[in-house]
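The values are calculated or read from the model by the stated rules, or taken from the named source; none is laboratory data. What you see is a predicted model, and the numbers here were worked out from it, not measured in a lab. Cβ placement follows ideal geometry from the backbone for every residue including glycine, while neighbour counts extend to all protein chains displayed. In case anyone asks, the SASA skips ligands and DNA or RNA and just uses the protein heavy atoms, side chains included. Shrake-Rupley method; radii C 1.70, N 1.55, O 1.52, S 1.80 Å.
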Amino acid sequence: MPRLLFNSDGGSGALFAFEPPITHNQLCRVANSLKNTQVDVFIQCVSYGSFVVHNTRVGEVYGLNMTDDEFENENFRRWTNNVKELFDSGQDPLTIWADRAHSLGMQFYASMRMNDIHKDWVERWPSLRSQWERERPYVAIGRDVPPDYKSRHARPGEASDGFTFAFDFAVDEVRNHKLALIDEICSGYDIDGLEMDFLSHPMYFKWGRERDGAPLLTEFMRQVRKSAERAGKEKEQTLTLLARVPSNVKT
C-alpha cells in the first residue's frame, strides 16, 4: 500500500512557470524534486473543471483557439502555448508525467478536479469557461448557492453578483461529460490510479438540493468504478481510485 502521496498542480508547478517551448525537465520539475524521497505516488492534476491538459477527443484543452492578446493572464498564455508546443511535436503532457514518475520508481495517478470555480470571477477571467459550458448555461448551479458563498469566495475590489459557474451534478450531461473524460484517461494512458478531487471546489448541487443529489452522485461513483475496472482489465492491472473530499461537511 502507498504510504506517501504527493499532489501537484499542473499550472504553478510547471506550465505557468516557463516560457514556451517547455522542456521535459521543466515539465517534470515537481516529480524530479521527489527523487530519492519516500513518496510512493506522484499525483498530477490534469483536469481543471471543464478543461483538460491531455490530447483529448471528448473534452477541451484550454486556449488552443485563442491568440496571445486574448489571455487575461500571462500564466494562462504560457500554459496554453506550452501544451500546444508539445502537441505540435507529437507529445502529450500526461504521458510525459506518467513516464517520468515511473522512471523514478513512483506510481502515477492522474487527478481530476470535479468542480473548479476559478471561472466564477467572470469579470477577470472569462476565458476559463469552456465552449462546452458556454453552449449549455443550464449545466451551471447558477444563483442557487449558499448565502455565504459571495463573502467566502469574493476578492477585494472585484465585483461579484454571487453567480457561480460550478457544474450542477444533478444535470445528466454534466455527469456524462465527466465520465467520458474519466474513461478516456483511464483507458488511454499509463496511469496507476485516478484521483477524483471533490475538494476543489466542494459545491455540486443547488443549495438545498444536496440530499436529493446524493443518490445521483453515488450512482456516478459506481459508474466510475466500473470504468476503472474495465480499463484495468484491458491493461491487465488494477487501477486505484481516490476521492479527495473535505474533512467535514457543513450542514
May I have the count of lysine pairs in the chain with C-alpha atoms under 22 Å apart, counting pairs 8 or more residues apart or located on different chains?
-> 12
Normalised by the residues of the chain, what does the relative contact order come to in percent, with Cα pairs under 8 Å and at least six apart?
-> 19 percent
Could you order peptides 85-94, 206-215, 110-119 by the average number of other Cβ atoms within 10 Å of their residues, highest first?
-> 110-119, 85-94, 206-215
Given backbone amide H placed at 1.01 Å from N, residues whose amide H is under 5 Å from that of Gly142, ignoring those fewer than 5 places away on the same chain, are Thr164, Ala166
Which value at 222 nm does the chain reach when only helices count, each DSSP H run of 4 or more adding -39,500 (n - 2.57), with the total divided by all residues and rounded to the nearest 500 deg cm²/dmol?
-> -10500 deg cm²/dmol
Mind listing P(r) for the chain? All alpha-carbon pairs, 5 Å bins, whole percents.
-> 1, 6, 13, 17, 19, 17, 14, 9, 4, 1, 0
Could you tell me the distance between the Cα centroids of region 1-79 and region 214-251, to the nearest Å?
-> 23 Å
Share of accessible surface on carbon and sulfur in the chain, whole %, 1.4 Å probe and ligands ignored, is 49 percent
What is the Cα convex hull volume of region 197-243 when expressed per residue in Å³?
-> 67 Å³
Segments 139-145, 42-48 sorted - mean Cβ within 10 Å per residue, highest first | 42-48, 139-145
Would you mind checking which residues have amide H under 5 Å from Ser8's amide H? H placed 1.01 Å from N; only 5 or more apart, or other chain.
-> Ile43, Gln44, Cys45
Please tell me the relative contact order of region 1-116 in percent, rounded to the nearest whole number, where contacts are Cα pairs under 8 Å and at least six residues apart.
-> 37 percent
Roughly how many Å² is the accessible area per residue of the chain, as a whole number, for a 1.4 Å probe?
-> 51 Å²
When the Karplus curve 6.51 cos²θ - 1.76 cosθ + 1.60 is applied with θ = phi - 60°, which whole-Hz ³J(HN,Hα) does each residue of region 128-139 get, with x for Gly and Pro?
-> 6, 8, 6, 4, 4, 7, 4, 7, 9, x, 6, 7
For Val61, list long-range residues whose amide hydrogen, built 1.01 Å from N in the peptide plane, is under 5 Å from its own amide hydrogen.
-> Val52
